[in-house]
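Below is one structure, written out as structure tokens; comments come after it.
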Amino acid sequence: MRIRVQKFGGTSLSTPEARKHVLEHIQAARSEDCQLVVVVSAMGRQGEPYATDTLLGLIRQNGDQLPARERDLLMCCGEWISAANLCNLIQAEGIPAVVLTGGQAGIETNDAYGNAQIVSVQPKRILEHLDRGEVVIVAGFQGQTADHEFTTLGRGGSDTSATAIGGALKAEVVDIFTDVNGILTADPRIVEDARPLTRVSYAEICNMAHNGAKVIHPRAVEVAMQANVPVRVRSTFSKEEGTLVTNPDSLYGAEKRVEDRHVTGIAHFGNITQIQVPAAEGQYDLQLQVFKTMAQHSISVDFINVNPSGVVYTVFDHVAEKALDLLRGLGYKPTSLSGCAKVSVIGGGMNGVPGVMAKIVEALTEENIRILQSADSNTTIWCLVHGEDMVSAVRALHKSFQLHK
Ligand code: ADP
Ligand code: ASP
Ligand code: MG
């Protein structure tokens with residue numbers, strides 16, 4: 001029998017009205033004779049009673065001294081509540097259903113609390129329940145170590161639970177239900193006329209997700225790509241097909257083939273600090289010392305530019321002070337610019353196409369936006385801009401590449 005995985009995000013589960021839509025999607029899948037695994041996030045967003053951020057707010061009230069292991073226990077609860085609540089709703093409709101925690105569903109992780117990596121998925125228990133005709137509801141965002149400790153997979157990690165389970169079950173498709181009509185050419189909260197993409201490759205979406213398009217977790221896409229399981233990102237609140245994420249070989253139809261589409265989308269994220277460390281005359285070990293020190297203190301660096309006059313790179317704002325202190329401790333005189341944003345132009349088909357960078361520079365210059373730094377790969381061009389320019393930069397680039405069409 002065909003197996004389908006459906007994942008519902010926080011906003012899809014937050015109100016009785018929203019949960020009615022969830023129920024309709026579950027019933028629709030069952031009417032198509034699919035065995036069904038439903039992965040859930042915690043209900044709602046910050047401020048709502050059982051959301052992950054609300055649970056974390058409980059401990060922040062008292063200064064947040066909770067060790068990572070216990071914090072993961074706290075966070076796991078949000079998805080348990082959500083799963084049990086949905087189970088109740090489904091059972092009330094006469095549909096047999098069962099709830100499993102991530103660990104019970106067979107998700108084993110390492111012990112990196114707060115950002116655990118999935119080591120393996122053994123879906124034996126899921127399969128037993130499916131064979132009994134039950135809908136299996138799995139609490140997303142979590143797993144268990146070999147020592148039975150509870151772990152979480154990083155914020156937004158329910159997407160990864162869904163694709164990992166989909167891969168292990170060889171599901172026909174993993175549906176990621178959310179509050180937008182699929183993966184759009186840019187964040188619709190910023191670009192009003194952003195357009196849903198019909199079909200995209202895993203690589204393109206992985207790139208978009210890594211660069212800030214938080215509609216799907218980047219690790220979820222990587223896991224799906226490895227297992228070659230198709231993913232659909234779609235709205236809980238409509239019947240539209242949404243975006244199909246799959247291999248480029250299967251990208252035909254309404255959407256252009258990847259290589260015919262120079263630019264697929266624009267992504268962005270803010271709250272980063274640019275750090276410049278000038279080298280003294282004849283100083284050759286600067287880059288080694290700087291990056292070794294950052295690594296020793298687990299500070300992740302980005303946008304790295306090494307040249308004879310020094311090094312330039314970015315870190316997240318919240319670790320910038322620590323990074324600068326470390327550099328001063330080494331005897332350097334770093335300068336910094338906080339509150340910057342990274343705006344990315346992404347397209348599987350831009351490799352070797354002349355004029356893409358020229359178009360970016362033209363679009364940003366017209367809006368008086370200064371590019372503080374840039375970098376490129378064969379599928380992405382990144383620009384660092386002042387934080388206050390982020391929204392207008394995304395809009396200008398979206399318009400310049402005519403992504404609304
Ligand atoms: P969920 O709770 O369903 O997991 P998320 O908030 O994690 O939902 O992700 C959905 C949100 O991602 C949307 O509301 C949208 O604002 C944002 N988003 C950012 N970039 C994009 C994009 N390129 N396409 C669609 N949505 C995007
Ligand atoms: N509830 C978790 C979070 O808010 C996981 C998720 O929503 O995917 O990060
Ligand atoms: Mg999400």
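The values are calculated or read from the model by the stated rules, or taken from the named source; none is laboratory data. All figures in this text were calculated on a predicted structure; none of them were measured in a lab. Heads up, the Cβs are rebuilt from the backbone with ideal geometry, glycines too, and the neighbour counts pull from every protein chain shown.
Brief remarks follow.
Residue by residue, here is whether (1) of a type outside the set (A, V, I, L, M); (2) within 16 Å of ligand 3 (Cβ to nearest atom); (3) within 20 Å of the chain's Cα centre (by Cα) holds:
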{"residue": "V5", "(1), (2), (3)": "no, yes, yes"}
{"residue": "E24", "(1), (2), (3)": "yes, no, no"}
{"residue": "Q27", "(1), (2), (3)": "yes, no, no"}
{"residue": "S82", "(1), (2), (3)": "yes, yes, no"}
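- Screening G106 against (1) under 26 Å from T11 (Cβ atoms); (2) over 20 Å from the mean Cα position of the chain (by Cα); (3) buried (at least 18 other Cβ atoms within 10 Å of the Cβ) leaves a single unmet condition, (1).
- Residues (more than 19 Å from T185 (Cα to Cα) and in a strand (DSSP E or B)) located in the range 377-396: L384, V385, H386
- Inside the range 52-69, residues that are more than 25 Å from A83 (Cβ to Cβ) and within 21 Å of the chain's Cα centre (by Cα) make up a count of 0.
- Only a single criterion out of (1) touching a residue at least 60 places away in the same chain (Cβ under 8 Å); (2) on the phi < 0 side of the Ramachandran plot; (3) away from ligand 3 (no atom under 16 Å from the Cβ) is not satisfied by A112, namely (1).
- Residue count for the range 145-164, restricted to those that are buried (at least 21 other Cβ atoms within 10 Å of the Cβ) and either more than 17 Å from the chain's Cα centre (by Cα) or away from ligand 2 (no atom under 16 Å from the Cβ) (or both): 2.
- The combined condition, being over 30 Å from E70 (Cβ atoms), in contact with a helix residue (DSSP H, G or I) (Cβ under 8 Å, 6 or more places away or on another chain) and either within 16 Å of ligand 2 (Cβ to nearest atom) or of a type outside the set (K, R) (or both), is fulfilled by T185.
- Positions within the range 171-181 being of a type outside the set (D, E, K, R), part of a loop (DSSP other than H, G, I, E, B) and surrounded by fewer than 24 Cβ atoms within 10 Å (Cβ to Cβ), in sequence order: V180, N181
- Those residues of the range 33-64 which are within 14 Å of ligand 2 (Cβ to nearest atom), among the charged types (D, E, K, R) and either part of a loop (DSSP other than H, G, I, E, B) or in contact (Cβ under 8 Å) with a residue 40 or more places away in the chain (or both), in sequence order: R45, E48
- Answer residue from the range 290-310, given it is aliphatic (A, V, I, L, M), over 23 Å from the mean Cα position of the chain (by Cα) and modelled with pLDDT of 95 or more and is surrounded by the fewest Cβ atoms within 10 Å (Cβ to Cβ) among those: A295
- One residue stands out among those in the range 371-405 that are charged (D, E, K, R) and more than 23 Å from C206 (Cα to Cα): the one that is surrounded by the most Cβ atoms within 10 Å (Cβ to Cβ), which is D389.
- Residue match in the range 63-86 (condition: out of contact with any Phe, Trp or Tyr (no Cβ under 8 Å at 6 or more places or on another chain), at pLDDT 95 or above, surrounded by 13 or more Cβ atoms within 10 Å (Cβ to Cβ) and small (G, A, S)): yes
- Condition met for Q226 (outside any strand (DSSP E or B), away from ligand 1 (no atom under 13 Å from the Cβ) and modelled with pLDDT of 95 or more): yes
- Of residues in the range 250-289 being modelled with pLDDT of 95 or more and hydrophobic (A, V, I, L, M, F, W, C), the one farthest from L326 (Cα to Cα): I266
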